[in-house]
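S.K.: The following block contains the structure, expressed as structure tokens.
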Amino acid sequence: MSQPDELDDNWLNGEEITCPECHERLYRLDHSPLLDCYFLYCDSCLMRVDVSCYDSTVMAIADALPARDETYPTLMAALEARLRRCDCGGQFRDSAPRRCHRCSTVLATISEPSGVDVWPGWWTDETDTGPLEEEFTARYFRAEDLWKQSTRLL
């Protein structure tokens, strides 16, 4: 007989949630370890940055960390210190509160946001959401011009 864990295909703990303010349908899930990037969210607005694990700045930052201190929180703190501020003036952080994509309300039900991603509820729809995804990504994700201009690494 199979163990319960073997039957669980929801290994990213995905679930639909509702914004407490505007009642928008959202989808929260744990960040997939199969993605080759980190998502850091603005602590003041809806924007996020997608930072590739293969980005030369990320690799230089990771290589500069002391061997005894190669933990995820230490890497995130080092990345946060090097990221350019959001256009709104906020700072991109791993632990920034997650927000509703419609009204920007902080989603208090996600009490420990590190490693949790929030998507619009239509993300899990069976229909073709390609055009919606492109519009959403263009509006809320920064994938270029990520780093502060600095000659010093850390």
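S.K.: So, in the range 93-123, exactly how many residues are under 20 Å from Pro33 (Cα atoms), not aliphatic (A, V, I, L, M) and not in a loop (DSSP other than H, G, I, E, B)?
M.R.: 4
S.K.: For the range 41-69, name all the residues that are touching a Leu at 6+ places or on another chain (Cβ under 7 Å) and closer than 18 Å to Ala138 by Cβ.
M.R.: Arg48, Val49, Val51
S.K.: Only one residue in Leu46, Leu40, Leu83 is open to solvent by 30 Å² or more (accessible area, probe 1.4 Å), of a type in the set (A, V, I, L, M, F, W, C) and touching a Phe, Trp or Tyr at 6+ places or on another chain (Cβ under 6 Å), so which one is that?
M.R.: So the residue among Leu46, Leu40, Leu83 that is open to solvent by 30 Å² or more (accessible area, probe 1.4 Å), of a type in the set (A, V, I, L, M, F, W, C) and touching a Phe, Trp or Tyr at 6+ places or on another chain (Cβ under 6 Å) is Leu46.
S.K.: Within the range 86-115, work out how many residues are of a type in the set (S, T, N, Q) and open to solvent by less than 30 Å² (accessible area, probe 1.4 Å).
M.R.: So the count comes out to 1.
S.K.: Against the definition (in a loop (DSSP other than H, G, I, E, B) and under 17 Å from Asp145 (Cβ atoms)), how does Cys86 come out, yes or no?
M.R.: yes
S.K.: Yes or no: the range 16-24 includes at least one residue that is surrounded by 12 or more Cβ atoms within 10 Å (Cβ to Cβ), within 15 Å of Tyr140 (Cβ to Cβ) and either under 16 Å from the mean Cα position of the chain (by Cα) or among the acidic types (Asp, Glu) (or both).
M.R.: Within the range 16-24, one or more residues are surrounded by 12 or more Cβ atoms within 10 Å (Cβ to Cβ), within 15 Å of Tyr140 (Cβ to Cβ) and either under 16 Å from the mean Cα position of the chain (by Cα) or among the acidic types (Asp, Glu) (or both).
S.K.: Where the second residue is among the polar types (S, T, N, Q) and part of a loop (DSSP other than H, G, I, E, B) and the first is over 21 Å from Pro113 (Cβ atoms) and lies in the range 45-68, which pairs have Cβ atoms under 9 Å and are six or more apart or on separate chains?
M.R.: So the pair list comes out as Leu65/Thr71.
The values are calculated or read from the model by the stated rules, or taken from the named source; none is laboratory data. Computed from a prediction, not measured in an experiment: that's the story for all the values here. Glycine also receives a Cβ, built like all others from the backbone with ideal geometry; neighbour counts cover every protein chain displayed. For the accessible areas, the whole protein counts, side chains as well, though only heavy atoms, and no ligand, DNA or RNA atoms are used. Shrake-Rupley method; radii C 1.70, N 1.55, O 1.52, S 1.80 Å.
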